[in-house]
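The values are calculated or read from the model by the stated rules, or taken from the named source; none is laboratory data. Keep in mind the model is a prediction, meaning the values are calculated, not measured. So basically every Cβ, Gly included, is an ideal-geometry build from the backbone, and we count neighbours across all protein chains shown. Accessible surface areas use protein heavy atoms only, side chains included; no ligands, DNA or RNA. Shrake-Rupley method; radii C 1.70, N 1.55, O 1.52, S 1.80 Å.
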Amino acid sequence: MPSSTHTEVRGPIGIITLDNPAKRNALSKPLVDEVMAALADFAQRRLRVTILRAQPGAPVFSAGHDIAELPESRRDPLGWDDPLRYLVREIENHPAPVIAMLEGGVWGGACETVFACDLIVAAPEVTFAVTPAKWGVPYNISGMLTFLNAASPRIVREMAYTAKPISAERAERLGMINYVVPSSELEAFTLALAGDIADNAPLSIAVMKEQLRILAGAKPMSPQGYERIQGLRRAVYDSHDYTEGIRAFKEKRKPVFRGD
Ligand code: YXS
């Protein structure tokens, strides 16, 4: 199978480029496996910063989870072993900072993937869309926490309920991303930012990254609370509307949701 990514090393900086435009860089298991292999290689080589990007000029950074890989019912679509879950955890656990350098639209699970990165630099035309409600998907708990760590609850509610894209400019204004940079300057700016980080003490940065990950996940939840959420999510992925959402995408038509 042709690869969906390619990698490059520039001194202490590693670059992973998503490059499956035919499927709009959908986060399929093969593509995610390649990204995780690159992250593991960069960690083994003790690179100090990783940049995650799409092919230059990409109209879509990533269309999110590969919908063709989602079960149509009766199974948690975002369980622990789902490729998207692995990808988010690998980024969060990667010992060096990961910078998302964005061009094009960022959709669904790709939004969470990008928000799990340490820094985000976006071209002005970039948009972010949180799309579970568009397809009837019951997003998972740690995924919702990623969003809550990226934006205020009110903004997360707006994005989750409307499933509409928000602009890079608004995301920057809300503190959800670090910089908006013209496309022509994006790569040079991001490499300079990565260079600033690479010049500092990698062990200190790795420890602060892990501290921030642990603290960001330190939200109390009772076992009953967890079980209630899992029961609610099961009711969704066993619902007509979830099956309808997945099938509508595959049949290239607008879903007709009934609320059951
Ligand atoms: O028909 P072909 O074979 O050419 O394939 C088409 C699309 O089916 C495919 N494709 C995808 N395949 C699997 N999973 C996807 N997420 C996906 N998105 C696209 O790529 C080929 C070109 O698509 P097309 O013709 O629509 O391209 P376009 O340039 O007109 O539009 C680009 C997009 C990204 C605006 C459009 O493809 C789109 O709206 N894609 C879905 C974006 C989205 O809602 N993603 C969420 C996926 S589900 C997910 O991430 C989580 C589970 S959740 O939903 O809970 O957040």
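On the stretch given as the range 177-208, residues that are closer than 12 Å to residue 48 by Cβ, free of Cβ contacts under 8 Å to residues at least 24 places away in the same chain and not hydroxyl-bearing (Ser, Thr, Tyr) total 5. Taking residue 139 as the residue in question, decide whether it is part of a loop (DSSP other than H, G, I, E, B) and in contact (Cβ under 8 Å) with a residue 12 or more places away in the chain. Answer is yes for this residue.
Take the conditions touching a Phe, Trp or Tyr at 6+ places or on another chain (Cβ under 8 Å), of a type in the set (Val, Ile, Thr) and open to solvent by less than 60 Å² (accessible area, probe 1.4 Å) and apply them to residue 5. Does it pass? Criteria not met by residue 5.
Taking the condition of being open to solvent by less than 10 Å² (accessible area, probe 1.4 Å) and not hydroxyl-bearing (Ser, Thr, Tyr), how many residues in the range 53-72 meet it? Within the range 53-72, residues that are open to solvent by less than 10 Å² (accessible area, probe 1.4 Å) and not hydroxyl-bearing (Ser, Thr, Tyr) number 4. In the range 50-73, the residues that are closer than 30 Å to residue 209 by Cα reach residues that are within 12 Å of the ligand (Cβ to nearest atom) and basic (Lys, Arg) with C-beta atoms within less than 6 angstrom, at least six apart or across chains, in these pairs: 60/24; 63/24. Pairing residues of the range 231-254 that are touching a residue at least 12 places away in the same chain (Cβ under 8 Å) with residues that are surrounded by fewer than 17 Cβ atoms within 10 Å (Cβ to Cβ) and among the polar types (S, T, N, Q), at Cβ distances under 7 Å and at least 6 apart in sequence or on separate chains, gives 237/73; 238/73; 242/73; 243/73. Among the residues of the range 30-61, just one is charged (D, E, K, R) and under 16 Å from residue 112 (Cα atoms), namely 53. If you go through the range 54-70 and keep only what is away from the ligand (no atom under 11 Å from the Cβ), on the phi < 0 side of the Ramachandran plot and over 17 Å from the mean Cα position of the chain (by Cα), you end up with just 56. Please find, within the range 118-129, the residue that is nearest to the ligand (Cβ to nearest atom) out of those that are open to solvent by 10 Å² or more (accessible area, probe 1.4 Å) and in a loop (DSSP other than H, G, I, E, B). Of everything passing the filter in the range 118-129, 125 is nearest to the ligand (Cβ to nearest atom).
Counting residues in the range 99-116 that are more than 16 Å from the ligand (Cβ to nearest atom), in contact with a strand residue (DSSP E or B) (Cβ under 7 Å, 6 or more places away or on another chain) and acidic (Asp, Glu) gives zero.
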